[in-house]
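Undergrad: Starting off with a structure, shown below.
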Amino acid sequence: MKKKFFITILLSVIILSTTGLNPIQAETIKDETQANSYCARGDKILNYYEQLTDKKDAQKYLNAAKYYYYQASRVDISNQNSLVGMARISLYQGKTRDAKNALMIALNVDERNPKVSYYIGEAFFMEGEYFQAIDFYTWAYSHGYQKDYNTNFKLGICYEKLNDIDKAKLHYQNAINARPDSTEAKQRLKGLNTIDTDYTNIKNKDIKNPSEDYEIDKSDLEKLNMPNL
């Protein structure tokens, strides 16, 4: 019995020395792998939920996904995927503050992860804070999400809201390139193409003299009991 135990310990030492890991590092990798496995299940549920047109059973799906993210956090409390997953659930529920709290923790774990920045952008987008949303969407865009449909589509909407038509067009076109069957991106781009952003030739346009539309007789003001402006 003692001999068998000694052989087991010896094999463990050989494996760890071969991989260059100490027992704590090996356990950490094991925990991270197991946590990510739970997160993959949670992500699968949320991705399926996103595709549903009828979301009357939303809580059922969100609770199921939350279970797996919770299990992941028990194994690895600082796992970014579980934090992002919980943030996504909060966003679906309209709880942007809770989402931001989880995402800021995830950002502290690894600020280079574009997935985290993308969902922080989502939180600001939901709040109508388009300048802040652009900052985080753009970081995700510049660090691996350049061809991502959702990132480009949301950037397009943000720039459209802020009347930066040229950048909005650019990102809508990128979104269409990423997903050619997207009717929504095509409709938004088509709508922007009807806007004339060439102001250099405005003097050649047929515009009535504004003063002609606003001339009013003094007697008309008196009839309205308005002060003589």
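Readers should treat all values here as calculations from the given coordinates under stated rules, not as data from a laboratory. This is a predicted model, so every value here is computed, not measured. Note: ideal-geometry Cβ built from the backbone for every residue, glycine included; neighbour counts use all protein chains shown.
Undergrad: Could the peptides 114-121, 136-143 be put in order, highest first, of the mean number of other beta-carbon atoms found within 10 Å of their residues? Write out the running numbers ahead of the final one.
TA: Working: 114-121: 23.9, 136-143: 20.0.
By packing density, highest mean first, the sequence is 114-121, 136-143.
Undergrad: Let me ask you something else. Can you give me the three principal axis dimensions of segment 129-196 from its C-alpha atoms, in Å, biggest first?
TA: 31, 25, 15
Undergrad: Quick one: net charge around E184, please, counting Lys, Arg +1 and Asp, Glu -1 for every other residue with C-beta under 12 Å from its C-beta. Don't skip to the end; give the middle numbers.
TA: On the way: positive: K154, R179, K186, R188, K190; negative: D181.
So the environment of E184 carries a net charge of +4.
Undergrad: Related question: P(r) for segment 22-111, please, calculated from all Cα pair distances in 5 Å bins and given in %.
TA: 3, 16, 22, 23, 18, 9, 5, 2, 1, 0, 0
Undergrad: Another question, then. Report, in listed order, any pair from K115/K169; K115/K147; K66/K154 with a Cα-Cα distance greater than 22 Å. Display every interim value, and only then the final one.
TA: Values: K115/K169 24 Å; K115/K147 13 Å; K66/K154 26 Å.
Going by Cα-Cα distance, K115/K169; K66/K154 fall outside the 22 Å limit.
Undergrad: Which ordering of T96, T33 is given by a fewest-first count of other beta-carbon atoms within 10 Å?
TA: Lowest count first: T33, T96.
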